[in-house]
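Single-structure report; data block below.
The values are calculated or read from the model by the stated rules, or taken from the named source; none is laboratory data. Note that the structure is predicted; figures quoted are calculated from it, not measured. Ideal geometry is used to build each Cβ from the backbone, glycine not excepted, and the neighbour counts take in all protein chains shown. Accessible surface areas use protein heavy atoms only, side chains included; no ligands, DNA or RNA. Shrake-Rupley method; radii C 1.70, N 1.55, O 1.52, S 1.80 Å.
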Amino acid sequence: MENSSSRLSEVNVASYYVTIDVREYAVKFKPDGSVLVNDAPVDVDLRRQDTRTFSFLSDGSSKKVVAEKNADGYHLLVDGTLIEATIESERDRLLRAFDTQAKTAHKRTEVRAPMPALVVRVEVEVGQEVVAGQGLIILEAMKMENEIKASASGKVKEILVGKGKPVEKGERLIILE
Amino acid sequence: MKREIKKVLIANRGEIAVRIIRACQEMGIGTVAIYSDADRTSPHVLMADQAYRIGPAPSRESYLVTEKILEIATLSGADAIHPGYGFLSENASFASRVLEAGIEFIGPRPESIHTMGDKTEARKVVSAAGVPTVPGTADAVSDEKLVRDFAREFGYPILIKAAAGGGGKGMRVVSSESQLAAAFAGAQSEALSAFGDGRVYVEKYLERPRHIEFQILADKYGNTIHLGERECSIQRRHQKVVEETPSVIVDDDLRSRMGRMAVAAARACKYENAGTIECLVDKDRNFYFLEMNTRLQVEHPVTEMRTGIDIVHQQLRIAMGERLAFAQGDVQFRGHAIECRIYAEDPFNNFLPSTGTITHLKPSQGFGIREDRGVEQGGEISVYYDPMISKLVAHAQTRDDAILKLKRALHEYEILGVRVNIPFNLFVLDHPCFRSGEFDTHFVATHFRPELLRQASESDNTAAALVTAMLEDGRVHSTSTSNHNQNNSVSINGVGSKWKTRRLDYLR
């Protein structure tokens with residue numbers, strides 16, 4: 001017991017978020033060997049019996065746990081009941097949050113021509129804020145005028161075409177950010 | 001008429017092949033397995049004395065190919081073939097071909113299979129022997145007056161159903177004369193649009209019907225007995241899930257009357273070997289012959305547990321021309337037996353079949369538990385065959401004890417890699433209507449909803465979360481067990497938590 005505690009004290013706090021159904025369990029391993037579940041301290045003694053089988057003891061309560069990692073997370077049998085869990089470390093979560101933020105910050109929307117056409121009129125200017133659904137540019141094709149609208153809100157970063165220019169299908173017209 | 005059987009070819013796979021191989025081994029009879037490409041390392045192949053490839057995985061190209069089976073039987077020197085259940089077991093021409101090849105068929109004569117395989121013919125034959133069948137019109141009816149006459153004779157409710165039928169289309173339950181005209185016209189037009197055939201039949205509609213069947217044993221000398229009933233009303237889409245014996249509604253008097261009926265039905269088609277007479281029993285305990293299964297039944301173990309008679313041994317002895325060693329009066333019934341089938345299907349998700357490799361399997365054990373299974377850990381549940389993994393049977397002195405034992409065994413059963421219907425089996429065993437015995441074939445349709453399946457307790461979830469985090473963090477090392485056990489574990493002390501033990505919760 002002391003040995004495990006001292007061994008654990010060599011590592012830093014490790015935090016994990018385990019999701020089971022819609023519930024989340026924040027599990028923290030502290031350097032002093034204590035463990036917290038959703039910030040409440042718990043007593044736990046886990047021993048491996050064979051590859052997938054474990055004995056789980058907590059405050060005298062004994063459970064047989066069979067656990068297996070697979071592509072989507074963990075499948076566990078706790079006293080025979082199947083439980084599916086997904087897990088994310090604190091680090092993974094921070095990285096994911098940062099990544100999401102970064103993606104949001106640099107999210108570019110390229111407005112492209114849906115068909116070969118002629119630019120009739122550009123309705124926005126560089127630097128202008130637009131909202132989703134706002135008209136950006138009028139194209140003429142088959143003698144019909146079509147208004148191309150913003151699919152998302154943002155700021156006009158670049159306008160790549162001008163009035164009277166023929167455009168190909170899929171050609172970039174405006175870049176929103 | 002005695003004939004020695006030294007080697008049996010088992011024309012089947014899975015748990016029933018294993019079951020038959022065991023019986024042969026006990027009797028000192030050699031065994032020949034056949035396997036498809038999907039079954040090269042299946043338990044029945046490992047257990048048998050000889051094994052031969054029969055073809056690719058799809059059963060139409062392997063387990064259903066008569067020619068190949070006969071070829072292998074000749075090649076291996078088998079003097080008998082046991083067909084198991086499913087596949088070719090109720091195929092009269094297969095049985096004929098086996099006999100023509102000079103090989104004993106462990107089952108009834110082809111003529112009996114043929115008679116009982118034709119529903120109309122079967123009804124005719126057993127009716128002539130005085131066996132009650134569900135009253136119905138023998139031919140399609142096109143005149144509304146005939147329907148009305150039928151209802152007046154046998155009473156409402158009646159069932160109008162499409163001759164080309166299936167899936168409830170063109171089917172109407174009529175509970176009074178005022179509904180008759182509309183229902184008759186409706187059923188006819190629905191049948192016409194669904195099947196291109198507007199012909200309909202009429203039969204008596206049984207209210208709250210139960211499915212109760214009788215196990216028959218018959219030797220080649222006309223000795224025919226029954227081994228009591230099996231209650232199989234718990235079905236999902238006509239698939240039996242939980243079977244038990246005795247039935248709570250069958251008392252000694254009903255058992256002896258139904259037993260006599262079952263024996264008469266079997267005799268009517270000159271039946272020999274093991275077979276099953278399936279009946280419907282209505283709410284007033286009137287019983288009607290439904291059909292005969294001319295083979296070994298999936299749920300035969302409950303009868304074996306209650307009578308102590310090994311039905312597969314009996315099949316082999318009968319095939320060898322032995323006389324039944326006991327009479328009807330010698331059959332002793334002891335206690336109560338319940339079986340539930342463990343299928344690879346997800347009860348939380350509309351019973352979607354679940355395929356894949358069984359990565360972990362530790363079956364239940366202990367007094368009063370029997371398991372028949374044809375797949376091991378590492379085995380594959382494929383799309384080619386029935387998704388049944390195992391049959392778990394509990395035998396105890398009373399029905400209540402058998403239920404508790406089976407529940408215990410279901411909780412103890414460990415399987416990972418495929419999803420199984422164990423939560424559904426527990427739902428059935430826990431249901432007040434199952435407990436009280438007040439159920440019928442509509443039980444599942446009436447009572448089951450996925451949200452009623454038992455969910456993991458909070459303490460189980462917390463334990464699962466902790467174990468997941470510890471494994472992910474590498475806090476449990478998989479070093480060899482010869483090392484000091486601290487390498488194998490982590491023990492962390494915190495302030496006492498409030499977890500409660502739930503170990504015996506399910507025994508309430």
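Looking across the range B:210-234, just one residue is in a loop (DSSP other than H, G, I, E, B) and open to solvent by less than 10 Å² (accessible area, probe 1.4 Å), and that is B:D219. Hey, does the range B:415-428 have a residue that's within 16 Å of B:E243 (Cβ to Cβ), touching a residue at least 12 places away in the same chain (Cβ under 8 Å), crowded, with 21+ Cβ neighbours inside 10 Å and away from chain A (no Cβ under 14 Å)? Yes, there is a match, as at least one residue in the range B:415-428 is within 16 Å of B:E243 (Cβ to Cβ), touching a residue at least 12 places away in the same chain (Cβ under 8 Å), crowded, with 21+ Cβ neighbours inside 10 Å and away from chain A (no Cβ under 14 Å). Within this structure, B:I103 passes the test of being surrounded by 15 or more Cβ atoms within 10 Å (Cβ to Cβ) and out of contact with any Phe, Trp or Tyr (no Cβ under 6 Å at 6 or more places or on another chain). Restricting attention to the range B:374-391, the residues being touching a strand residue (DSSP E or B) at 6+ places or on another chain (Cβ under 6 Å) and acidic (D, E) number 1.
Remark: B:G166 matches the filter, which requires a residue to be of a type outside the set (S, T, N, Q), modelled with pLDDT under 90 and open to solvent by 40 Å² or more (accessible area, probe 1.4 Å). Looking only at the range B:382-395, decide whether some residue is free of Cβ contacts under 8 Å to residues at least 24 places away in the same chain and either open to solvent by 10 Å² or more (accessible area, probe 1.4 Å) or within 14 Å of chain A (Cβ to nearest Cβ) (or both). No, the conditions are met nowhere in the range B:382-395. Highlighted here are the helices (runs of 4 or more DSSP H) found entirely within the range B:12-78 that include at least 1 residues which are touching a residue at least 60 places away in the same chain (Cβ under 8 Å) and acidic (D, E): B:14-26.
Could you check the range A:99-161 for strands (runs of 3 or more DSSP E) lying wholly inside it with 1 or more residues that are modelled with pLDDT of 90 or more and surrounded by 12 or more Cβ atoms within 10 Å (Cβ to Cβ)? Filter on the range A:99-161 gives A:117-122, A:135-141, A:154-159.
If you filter the range B:108-125 down to residues that are open to solvent by 10 Å² or more (accessible area, probe 1.4 Å) and part of a loop (DSSP other than H, G, I, E, B), you find that the one that is farthest from B:T31 (Cα to Cα) is B:D118.
Of all residues in the range B:247-266, those satisfying the criterion of being part of a helix (DSSP H, G or I) and surrounded by fewer than 16 Cβ atoms within 10 Å (Cβ to Cβ) are B:D252, B:D253, B:S256, B:R257, B:R260. Does the range B:193-200 contain at least one residue that is hydrophobic (A, V, I, L, M, F, W, C), in a helix (DSSP H, G or I), under 21 Å from B:S142 (Cβ atoms) and at pLDDT 85 or above? No, there is no match, as no residue in the range B:193-200 is hydrophobic (A, V, I, L, M, F, W, C), in a helix (DSSP H, G or I), under 21 Å from B:S142 (Cβ atoms) and at pLDDT 85 or above. Scoring B:G378 on the criteria (1) within 14 Å of chain A (Cβ to nearest Cβ); (2) touching a helix residue (DSSP H, G or I) at 6+ places or on another chain (Cβ under 7 Å); (3) farther than 19 Å from B:V241 by Cα leaves a single failure, condition (2).
Kindly indicate whether B:R370 is within 24 Å of B:E243 (Cβ to Cβ), surrounded by 15 or more Cβ atoms within 10 Å (Cβ to Cβ) and either at pLDDT 95 or above or not acidic (D, E) (or both). For B:R370, the condition - within 24 Å of B:E243 (Cβ to Cβ), surrounded by 15 or more Cβ atoms within 10 Å (Cβ to Cβ) and either at pLDDT 95 or above or not acidic (D, E) (or both) - is met.
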